[in-house]
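Below is one structure, written out as structure tokens; the observations come after it.
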Amino acid sequence: MAGEPQSDCLFCKIVSGDIPATIVRESENTVAFRDINPQAPTHVLVIPKVHYPDAASLAAAEPQIAADVLREAGAVAVDEKIDDSGYRIILNTGSGAGQTVFHAHAHVLGGRGLQWPPG
């Protein structure tokens, strides 16, 4: 069932505490933690505690939680002191876009110059 934890999902296991992560923020609906393969000096993932395979399905089913993910991404930028220098929030959808964990999540990247287009 959509929204329910998935036993085979890495991010659901981080939410439940079954897999450790370096958590930097947690709210009622989200968890933010450092990416284990950072692509920038600051690379934090913000995930909803509920399971949806991608950002579009999360937004369609639970728009308030999707908004919470974006709000927390902004709070991460402030906490990490990258809000003044600029940062990027990335929501990959589908394997062709680079999504490797099919649990909606936002990447918060900053701490260095970020070129556009990203590649």
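The values are calculated or read from the model by the stated rules, or taken from the named source; none is laboratory data. These numbers come from a predicted model, not from an experiment. A quick note on method: Cβ atoms are made from the backbone with ideal geometry, for glycine too, and the neighbour counts reach across all protein chains shown. Only protein heavy atoms, including side chains, enter the accessible area calculation; ligands, DNA and RNA are left aside. Shrake-Rupley method; radii C 1.70, N 1.55, O 1.52, S 1.80 Å.
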note = Subtracting the Cα-Cα distance of residue 89 and residue 16 from 0.36 nm times their residue separation yields 23.9 nm
Between the stretch 1-22 and the stretch 40-119, the Cα center-to-center distance that results, in Å = 17
query = How do 13, 81 rank by accessible surface area computed with a 1.4 Å probe, from largest to smallest?
reply = 81, 13
query = For the stretch 1-52, what class follows from the C-alpha gyration tensor (a ≥ b ≥ c being the square roots of its eigenvalues): rounded when a/c is under 1.5, otherwise prolate if a/b is larger than b/c, else oblate?
reply = prolate
task = Provide the solvent-accessible area of residue 25, counting protein heavy atoms only and rolling a 1.4 Å probe, rounded to the nearest 10 Å².
result = 70
ask   = Per-residue ellipticity at 222 nm for the chain, helices alone: DSSP H runs ≥ 4 residues times -39500 (n - 2.57), over residue total, nearest 500 deg cm²/dmol?
value = -7500 deg cm²/dmol
task = Compute the distribution of all C-alpha to C-alpha distances in the chain, in bins of 10 Å from 0, and list the percent of pairs in each, rounded to whole numbers.
result = 14, 48, 33, 5, 0
inquiry  = I want to check the label-to-label distance for residue 100 and residue 6. Put each point 7 Å from Cα in the C-beta direction and report it in nm to one decimal.
reply    = 1.6
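If R0 is 25 Å, what FRET efficiency do you get for residue 71 and residue 115 from their C-beta distance, rounded to 0.05?
Computed FRET efficiency for residue 71 and residue 115: 0.40.
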key: Cα-based helix-to-principal-axis angle, 63-79 vs the chain, degrees rounded to 10   = 40
query = Expressed as a whole percentage, what fraction of the accessible surface of the chain belongs to carbon and sulfur atoms when a 1.4 Å probe is rolled over the protein heavy atoms?
reply = 53
remark   = Probe 1.4 Å, heavy atoms of protein chains only: per residue, the accessible area of the chain in Å² is 56
